[in-house]
Amino acid sequence: MRLTILGCSGSIPGPGEPASGYLVEADGFLLGLELGNGTFAELQSRHDPFDLGALVFSHLHPDHCADFSALTVLRRYHPKPPYDMSAHRLPVHAPGNASSRFARAYAPDDAELADTDLSEVFAFRPLTAGTSVHIGPFELCPVPVVHPTEAFGLRVSHGGRTLVYTGDTGPCDALDELAAGADVLLSEATWTHSPSRPDGVHLSGTQAGALARRAGVGRLLLTHVAPWTDRDAVLAEARAEFPGAALVERGDTYIV
């Protein structure tokens, strides 16, 4: 599997830095994970967006899905699409309310919301806790995690290799099960460690590193550091728990 970082800024896009967005590729299939603020431009710089085989959203906070409306415009109004949109609706695996949430984001006003049906170009498929689904060559297993909205960590497997993505989450028992034995753990680390941080929202560098150590992962990649957080401090925290941890940056690619 090939992992590409379209954006990794936490909670909001930073100066010149898109929010959360990732691509996973194998066997010629292109899977999108998240499509946050600014990531659609990054996607277009690398691929034709019509080449996406499917999209997965861990949760529906804007920094993870805001550019879905831009993708909708492309799929509805491009003058020369490479295929019939109605016959090739893009699968979108996401929390169960995704179709209504995205319709609200896209509708021009409340009066037209009832007539905004995105199913003409997208096939919405709700994530179900602990139920694996096959997406192209990948097996995807969503695991519920702790966050202020419905949220999932994602375990993506192919060819005997496993990529685990925490999505956004606070510390919870489910993370150990999610990350166990992963070849690569792509973990959020939004802030530095402090007892003043609110529970059930995000991980610190220390918590991400400790998770990787407990789970026995092969590699730890840190993402979703907020623009107001000291990235070097987050990295130092993680390395104190898991030597070799690395911070991802926009444009990075990794072989899982």
Tyr165, sole failed condition from (1) in contact (Cβ under 8 Å) with a residue 60 or more places away in the chain; (2) open to solvent by 40 Å² or more (accessible area, probe 1.4 Å); (3) closer than 20 Å to Ala212 by Cβ
(2)
Failed criterion for Asp199 (all others in (1) at pLDDT 95 or above; (2) open to solvent by 40 Å² or more (accessible area, probe 1.4 Å) hold)
(1)
Could you check, for the range 83-100, whether at least one of its residues is in contact with a strand residue (DSSP E or B) (Cβ under 6 Å, 6 or more places away or on another chain) and of a type in the set (Lys, Arg)?
yes
Strands (runs of 3 or more DSSP E) lying entirely in the range 102-196 (those with 2 or more residues that are farther than 22 Å from Thr4 by Cβ)
122-126, 138-144
Can you name the residue in the range 1-19 that is of a type in the set (S, T, N, Q) and farther than 25 Å from Gly159 by Cβ and, of all such residues, is least open to solvent (accessible area, probe 1.4 Å)?
Ser9
Counting just the residues of the range 22-53 that are under 20 Å from Ala105 (Cα atoms) and either in contact with a His (Cβ under 8 Å, 6 or more places away or on another chain) or basic (Lys, Arg) (or both), which one comes out surrounded by the most Cβ atoms within 10 Å (Cβ to Cβ)?
Leu35
When Ile12 is run through (1) of a type in the set (Val, Ile, Thr); (2) over 19 Å from Leu203 (Cβ atoms); (3) not in a strand (DSSP E or B), the failure sits at (2)
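Per-residue answers, yes or no, for (1) buried (at least 19 other Cβ atoms within 10 Å of the Cβ); (2) more than 19 Å from the chain's Cα centre (by Cα); (3) among the hydrophobic types (A, V, I, L, M, F, W, C):
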| residue | (1), (2), (3) |
| --- | --- |
| Leu186 | yes, no, yes |
| Ser194 | no, yes, no |
| Ala208 | yes, no, yes |
| Leu211 | yes, no, yes |
| Arg219 | no, no, no |
| Arg231 | no, yes, no |
| Ala240 | no, yes, yes |
| Leu247 | no, no, yes |
| Tyr254 | no, no, no |
Select from the range 197-215 the residues that are free of Cβ contacts under 8 Å to residues at least 40 places away in the same chain, in a loop (DSSP other than H, G, I, E, B) and touching a strand residue (DSSP E or B) at 6+ places or on another chain (Cβ under 9 Å) and list them in ascending order.
Arg197, Leu203
Determine whether Leu23 is touching an Asp or Glu at 6+ places or on another chain (Cβ under 9 Å) and either within 25 Å of His134 (Cα to Cα) or part of a loop (DSSP other than H, G, I, E, B) (or both).
no
Applying the selection to the range 83-101, what residues are in contact with a Phe, Trp or Tyr (Cβ under 6 Å, 6 or more places away or on another chain) and modelled with pLDDT under 95?
Ser99
Whether any residue in the range 91-103 is open to solvent by less than 70 Å² (accessible area, probe 1.4 Å) and either over 23 Å from Gly21 (Cα atoms) or of a type in the set (Ser, Thr, Tyr) (or both) is what I want to check.
yes
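The values are calculated or read from the model by the stated rules, or taken from the named source; none is laboratory data. Just so we're clear, the structure is a prediction, and the values are computed from it rather than from any experiment. Please note: Cβ atoms are built from the backbone with ideal geometry, for glycine as well, and neighbour counts cover all protein chains shown. The accessibility values were calculated without ligands, DNA or RNA, using every heavy atom of the protein model including side chains. Shrake-Rupley method; radii C 1.70, N 1.55, O 1.52, S 1.80 Å.
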